[in-house]
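Comments concern the structure below.
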Amino acid sequence: MLEEIEKLGAQLVAISPQVPDGSQTTVEKNGLTFQVLSDAGNAVARKFGLVFSLPQDVKDVYLGLGIDLAKANGDAAWELPLPATYIIERDGTIRDRFVNEDYVRRMEPGDIVNAVRRLHGAE
């Protein structure tokens, strides 16, 4: 639904705690056509209250799967942000949001488009 979002004059941006090279690899690997920004140290996520630390047992599972967050994120914090979607006006006003502790639950693409339509009075 990226094309629909852009037709409405909006922009989709992803923010990841990965180091910039990791974010670029994600863009290339998945053929993404929107920006993926690097949030060093989860600075932005922290401002939104989204950051949590992984407990040692989960850290051990990640390492067992070959996932090294310290390397991927460029710090030793072993922290991740909760997945979140924000619909933000140009002036910085948040008009809609979706945050869920269950990382597989995300804002539906159609709901994103509808929120952007409401912003632009297109609904």
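The values are calculated or read from the model by the stated rules, or taken from the named source; none is laboratory data. In this text the structure is predicted, and so the values were computed from the model without any measurement. Because the Cβ atoms are built from the backbone with ideal geometry, glycine has one as well, and the counts that use them run over all protein chains shown. With ligands, DNA and RNA removed, areas are computed over all heavy atoms of the protein, side chains included. Shrake-Rupley method; radii C 1.70, N 1.55, O 1.52, S 1.80 Å.
One entry in (i) 48, 28, 24; (ii) 61, 31, 23; (iii) 31, 31, 23 is Cα extents along the principal axes in Å calculated from the shown coordinates; its label is (i).
Just round it to a whole percent: the fraction of Cα-Cα distances in region 40-97 exceeding 18 Å. So the pairs more than 18 Å apart make up 44 percent of the total in region 40-97. How much accessible surface area, in Å² rounded to 10, belongs to the heavy atoms of residue 25 with a 1.4 Å probe? Rounded to the nearest 10, the figure is 80 Å².
In this structure, residue 14 and residue 120 have a Cβ-Cβ separation that, at R0 = 25 Å, corresponds to a calculated FRET efficiency of about 0.70. Maximal additional length on extending the residue 7-residue 77 stretch stands at 21.3 nm, based on 0.36 nm per residue less the C-alpha distance. If you sort 112, 15, 94 by accessible surface, 1.4 Å probe, largest first, the order is 15, 94, 112. Around the amide H of residue 37, modelled in the peptide plane, lie the amide H atoms of 14, 15, 16, all under 5 Å away and 5 or more residues distant in sequence or on another chain. Accessible area of residue 57 (1.4 Å probe, protein heavy atoms only, ligands and nucleic acids ignored): about 100 Å². Rolling a 1.4 angstrom probe over the protein heavy atoms with all chains in place gives the chain an accessible area of 68 Å² per residue.
Among 77, 104, 94, whose Cα sits farthest toward the positive end of the charge dipole of region 49-123 (+1 at Cβ of Lys/Arg, -1 at Cβ of Asp/Glu, about the Cα centre)? The one lying farthest along the dipole's positive direction is 94.
In terms of solvent-accessible area of protein heavy atoms at a 1.4 angstrom probe, what is the ranking of 89, 28, highest value first? Show your work: numbers first, answer last.
Working: 89 60, 28 125 Å².
So the residues, ranked largest to smallest area, are 28, 89.
For region 57-123 versus region 25-53, the inter-centroid distance based on Cα atoms is 8 Å.
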